[in-house]
Amino acid sequence: MPDLRHTRKQIKTALAIMLTADVVAVVVLFSPLVGSTESRRQELTQLWSDLQTKTRQVEPLKNLDKKVIIANQQIEDFYKKRFPSQDSQILTEFGKLAVSNGVTIEQAKYKPLDEVTGHLHPVQMEADLLGSYVSLAKFINALERDDMFFLISSISLGGEPKGPIKLQMRLETYLKGT
């Protein structure tokens, strides 16, 4: 027959340990270190809000490796499409735009500049043009919208009261470097 005194002693010890654990849990629950239920709820709400904010902040960084590859391709396409590799392409495009908008080129000069911006070589152009106000306005609009990159730096209008308007234009474009 088992010894009941020994079993009773073990049960009392286990009950004492559980009672001590309950007392410690009650003390921790009501202690000022943990705070009230309302303060814990507010802290949980604040932490959830912080998590949502941080998640929104890092959203643009998702698939960053793919975005970098796409951006590099777009940059390469931009350089191919917008910057000529030969001087003659600049004058040809400028002439096409003038003819298609009813503008006459009296004189056009271009001068490659010595400075280099990245892999691009700036080219400064000066042109004297003749045409009606409407055709010159359309020409400027077409020049700004053209696939080739033209940057107009100055425009001077002149002319006779009964005749075509004279337009003096200074602009820049860029050649691809080798």
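Remarks
- Taking Cα centre as origin and charging only the Cβ of basic (Lys, Arg, +1) and acidic (Asp, Glu, -1) residues, the dipole magnitude of segment 1-103 rounds to 480 debye.
- One entry in (1) 41; (2) 69; (3) 49 is percent of Cα pairs over 22 Å apart calculated from the shown coordinates; its label is (2).
- The residue among 152, 105, 117 whose Cα reaches farthest toward the positive pole of the charge dipole of segment 83-176, with charges on the beta-carbon of Lys, Arg, Asp and Glu, is 105.
- Charge context of residue 74, other residues only, Cβ under 14 angstrom, K/R +1, D/E -1: +3
- Dipole of segment 17-105 computed with +1 at Lys/Arg Cβ and -1 at Asp/Glu Cβ about the Cα centre; of 18, 79, 53, farthest Cα towards the positive end is 79.
- Separation between Cα centres of segment 100-125 and segment 132-178, rounded to whole Å: 11
- Cα extents of segment 4-61 along the three principal axes, largest first (Å): 70, 27, 12
- Put simply, the amide H of residue 175, placed in the peptide plane, has neighbours under 5 Å in 121, 123, leaving out anything fewer than 5 places away on its chain.
- Neighbour counting of Cβ atoms within 10 Å sorts the residues 92, 173, fewest neighbours leading, into 92, 173.
- Value of relative contact order over segment 83-176, rounded to a whole percent, pairs C-alpha under 8 Å and six or more apart: 34
- 222 nm mean residue ellipticity, helices alone, for the chain (DSSP H n ≥ 4; -39,500 (n - 2.57); rounded to 500): -18000 deg cm²/dmol
- Charge dipole magnitude, Cβ of K and R +1, D and E -1 - the chain, Cα centre, debye nearest 20: 1100
- Given 80/111; 81/176; 138/166; 80/138; 111/138, the pairs whose alpha carbons are separated by over 20 Å: 80/111; 80/138; 111/138
A short reminder: the numbers here are calculations on the coordinates, not readings from a lab. Bear in mind that the values here come from a model prediction, so they are computed numbers and not experimental data. Because the Cβ atoms are built from the backbone with ideal geometry, glycine has one as well, and the counts that use them run over all protein chains shown.
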